[in-house]
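Read through the structure below, which is laid out as structure tokens, and then see the notes.
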Amino acid sequence: MADFGKQILAVLGDIKGSGSFVCSGVQQFLFPGLQIRDVDEIGFPINVAQIKEMIKVARHAPFGKGSKTVLDKTVRSAWEIDAGQIKFINKGWGKFVESIVEKIRPALGLEGLQVSANFYKLLIYEKGDFFLAHRDSEKEGGMFGTLIIGLPSRHTGGELCVRFDGRQEMIDFSEPASQYQIPFAAFYADCEHEIKPVKSGYRVCLVYNL
């Protein structure tokens, strides 16, 4: 893990041009054809009844603490569904994610480098849910960052706050996610980040390893 941290810091120190430690944007809605095992295909915007069905097959989200994975709702309160339980039946969804990756490459200073996004989990934050400041662990070989894609679901709060080297960016998915759009954010794994408490509704997002 120490070597992984050094590698990330080296990349951050060599960001080219106008690249940053974090970037974000909004895409026009594309129907993903989201299917979750033991749940009907999800419609959009995701309504309360559907989210309750999703939570039935979800688990409380743990987090990494040193070499261990722990569950502590005073540090992280959210639900998660593993990638193995999920399918995207719209054949265009993969290309859609690739188009987001093409946008974040120059924004993160990664021009000329090959970047792929591997689906990891779906997360659900209810009213009051949050995740205190933390850094991501390496979840697979070659991982250097995280991509979060918000799904249309009405909510307020739940802002993503990303910090690095004394700088901070606050990214709010609530407005585009409530307006049939798909917001996204990407950042380097060594950046400290947190999810502020959700004030109303449900914040639903897909997490990809970069």
Discussion item. Quick one: 3J(HN,Hα) in Hz for the stretch 111-124, Karplus 6.51/-1.76/1.60 with θ = phi - 60°, rounded, Gly and Pro as x.
Written reply: 4, x, 9, 7, 10, 10, 10, 10, 4, 10, 7, 10, 10, 10
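Quick one: dipole size for the chain, taken about the Cα centre, charges +1 on Lys/Arg Cβ and -1 on Asp/Glu Cβ, in debye to the nearest 20. List each step's numbers first, then the result.
Details: 25 positive and 25 negative charges, 69 e Å.
Dipole about the Cα centre, nearest 20: 340 debye.
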Discussion item. Please list, in order along the stretch 149-160, the HN-Hα scalar couplings obtained from phi with the Karplus expression 6.51 cos²θ - 1.76 cosθ + 1.60 (θ = phi - 60°), rounded to whole Hz, x for Gly and Pro.
Written reply: 10, x, 9, x, 7, 5, 6, 10, x, x, 5, 8
Practice prompt. For SER20, enumerate residues with amide H under 5 Å from its amide H, sequence gap 5+ or separate chain, H modeled in the peptide plane.
Written response: LEU108, GLY109
Discussion item. Given the whole protein assembly as supplied and a 1.4 Å probe, what does the accessible area of TYR208 come to in Å², nearest 10?
Written reply: 10
Worksheet item: Given springs between every Cα pair under 10 Å in a Gaussian network model of the chain, which of THR156, THR74, THR146 has the largest fluctuation?
Response: THR74
Practice prompt. Report ³J(HN,Hα) in whole Hz for each residue of the stretch 183-194, in order, from the Karplus equation J = 6.51 cos²θ - 1.76 cosθ + 1.60 where θ = phi - 60°; Gly and Pro get x.
Written response: x, 8, 8, 9, 7, 6, 5, 7, 6, 6, 8, 8
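Quick one: with all protein chains in place, what share of the accessible area of the stretch 169-210 is carbon or sulfur, to the nearest percent (1.4 Å probe)?
44
When the gyration tensor of the stretch 82-139 is built from Cα positions, what are the square roots of 5 times its three eigenvalues, in whole Å, from largest to smallest? Before the final figure, lay out the partial values.
On the way: eigenvalues 115, 75, 26 Å².
Three semi-axes, in Å: 24, 19, 11.
Over 23 Å between C-alpha atoms is what I'm after, so list which of LYS73/LYS196; LYS68/LYS121; LYS56/LYS95; LYS52/LYS73; LYS91/LYS139 land there.
Values: LYS73/LYS196 14 Å; LYS68/LYS121 19 Å; LYS56/LYS95 30 Å; LYS52/LYS73 19 Å; LYS91/LYS139 26 Å.
With Cα atoms farther than 23 Å apart: LYS56/LYS95; LYS91/LYS139.
Using the 2.2 N^0.38 Å rule of thumb for compact globular proteins, work out how the chain stacks up: its C-alpha Rg over that value, please. The partial results should precede the final answer.
Numbers: Rg = 16.4 Å, N = 210, 2.2 N^0.38 = 16.8 Å.
Rounded to two decimals, the normalised Rg is 0.97.
So, with a 1.4 angstrom probe, what is the percent of accessible area on the stretch 31-78 that is carbon and sulfur?
For the stretch 31-78, the apolar C and S fraction of the accessible surface comes to 49 percent.
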Worksheet, complete the sentence: accessible surface per residue for the stretch 107-210, probe 1.4 Å, DNA/RNA/ligands not counted, whole Å² -> 40
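The values are calculated or read from the model by the stated rules, or taken from the named source; none is laboratory data. Keep in mind that what you see is a predicted model, and the values were worked out from it rather than measured. We place every Cβ from the backbone using ideal geometry, glycine too, and count neighbours over all the protein chains shown. Ligands, DNA and RNA are stripped out before the accessible areas are found, and what is left, the full protein with its side chains, is counted by its heavy atoms. Shrake-Rupley method; radii C 1.70, N 1.55, O 1.52, S 1.80 Å.
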